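K.L.:
Below is one structure. I have some questions about it.
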Amino acid sequence: MLVDGARRSIARGSKSFAAASQLFDRATRERAWLLYAWCRACDDVADGQDHGHGMTRVDDAPARIARLRAMTDAAFAGALTGEPAFDGLGIVVAETGLPKRFADDLIDGFQLDADEWRPRSEADLYRYCYHVAGAVGCMMAVVMGVDPADEATLDRACDLGLAFQLSNIARDIEEDDRAGRCYLPVEWLVEMDMPPGQHMKPPYRPRLSVLARRLATRAALHEDSARGGTPALPYRSAWAVLAAAGIYGDIARRVAERGDHAWDHRVTTSKREKAAWIARAAAQAAGRARYADTPRDPVLWTRPR
């Protein structure tokens with residue numbers, strides 16, 4: 001029942017991840033679904049939304065975050081919460097030894113939003129992306145069998161999460177603005193001479209598209225770096241990771257290509273495009289050994305230890 005509910009959750013919340021997750025072996029796939037369902041439930045509770053849609057301002061953010069922490073603590077302690085997403089997390093923890101620090105880091109990201117935090121610098125942006133997505137990448141790596149002590153592989157998993165979140169931020173600038181949020185660093189807005197809170201105004205659209213391309217470029221760097229972690233994964237897990245990297249990467253690339261019109265309609269990838277990446281990733285995964293000798297670029301932002 002918990003797995004079936006998690007499967008339905010991912011089908012509603014992320015068609016891209018749902019497609020890629022089918023490539024895992026059964027045990028990994030079901031654990032990935034359970035982990036996703038917990039992440040999705042936390043995000044929905046924190047933002048007052050339904051499977052990532054209809055984000056609204058909430059008036060009781062501190063109470064919501066406290067509830068998420070309490071139920072997550074219970075799940076890690078092996079207690080039943082009565083909430084399927086959290087009880088599913090408990091199963092993942094019991095079966096994989098998932099470190100609690102990554103779950104705490106994710107909830108800290110929701111806390112940043114609850115506190116109406118805004119990034120001032122590019123480093124702040126990466127810090128936020130780590131908390132809401134990089135930490136998830138680390139958790140997914142453990143679900144795929146990576147040793148929690150394998151910091152090098154976890155760095156690559158974090159890179160993939162960062163790439164996903166940077167893509168999401170580029171795509172969702174207009175949607176975030178409607179909810180009173182902006183994840184573009186204040187320093188970037190100042191650089192482009194755009195007053196904070198006014199960046200969606202039509203006169204600023206050409207400057208905004210410059211920043212969107214910058215986000216896409218940063219996402220591509222982390223996407224490329226993430227491939228360096230795939231030699232540590234079983235074939236089917238590497239296949240899923242590489243497919244997801246390509247599918248999400250296309251979102252950022254499409255935002256960049258659309259330029260000033262990137263936010264006229266929500267950027268998506270079609271079923272055919274997802275299928276093409278799944279086929280391409282099969283070959284990439286088979287030859288993943290070629291990524292083994294690629295050192296991680298020391299210039300890239302690195303997650304906190």
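The values are calculated or read from the model by the stated rules, or taken from the named source; none is laboratory data. Quick caveat, the model's predicted, so the values are computed rather than measured. All Cβ positions, even for glycine, are placed from backbone atoms using ideal geometry, and neighbour counts span all protein chains on display. These accessible areas exclude ligands, DNA and RNA; they are computed on the full protein's heavy atoms, side chains included. Shrake-Rupley method; radii C 1.70, N 1.55, O 1.52, S 1.80 Å.
K.L.:
Applying the selection to segment 248-305, what residues are over 21 Å from the mean Cα position of the chain (by Cα) and of a type in the set (Lys, Arg)?
P.N.:
Within segment 248-305, Arg258, Arg272, Arg280, Arg288, Arg290 qualify.
K.L.:
Determine if segment 183-191 includes at least one residue that is open to solvent by 70 Å² or more (accessible area, probe 1.4 Å) and of a type in the set (A, V, I, L, M).
P.N.:
Yes: one or more hits.
K.L.:
Hey, among the residues in segment 269-305 that are among the polar types (S, T, N, Q), in contact (Cβ under 8 Å) with a residue 24 or more places away in the chain and assigned to a loop (DSSP other than H, G, I, E, B), which one's surrounded by the fewest Cβ atoms within 10 Å (Cβ to Cβ)?
P.N.:
My answer is Thr294.
K.L.:
With respect to Pro203, determine if the residue is part of a helix (DSSP H, G or I) and surrounded by fewer than 17 Cβ atoms within 10 Å (Cβ to Cβ).
P.N.:
Considered against the rule, which asks whether it is part of a helix (DSSP H, G or I) and surrounded by fewer than 17 Cβ atoms within 10 Å (Cβ to Cβ), Pro203 comes out as yes.
K.L.:
Select from segment 226-259 the residues that are touching a Lys or Arg at 6+ places or on another chain (Cβ under 6 Å) and either open to solvent by 60 Å² or more (accessible area, probe 1.4 Å) or small (Gly, Ala, Ser) (or both) and list them in ascending order.
P.N.:
Ala226, Gly228, Gly229, Ala238, Ala256
So that you can scan it fast, the table gives a plain yes or no per residue for (1) touching a Leu at 6+ places or on another chain (Cβ under 9 Å); (2) open to solvent by 30 Å² or more (accessible area, probe 1.4 Å):
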{"site": "Phe76", "(1), (2)": "yes, yes"}
{"site": "Ala79", "(1), (2)": "no, yes"}
{"site": "Gly82", "(1), (2)": "no, yes"}
{"site": "Gly97", "(1), (2)": "no, yes"}
{"site": "Lys100", "(1), (2)": "no, yes"}
{"site": "Ala103", "(1), (2)": "yes, no"}
{"site": "Gly109", "(1), (2)": "no, no"}
{"site": "Leu112", "(1), (2)": "no, no"}
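K.L.:
Please go through segment 61-117 and give me each residue that is modelled with pLDDT under 95 and aromatic (Phe, Trp, Tyr), ordered by number.
P.N.:
Phe110, Trp117
K.L.:
Considering only segment 255-274, state which residues are of a type in the set (Gly, Ala, Ser) and at pLDDT below 95.
P.N.:
Within segment 255-274, Ser270 is the sole residue that qualifies.
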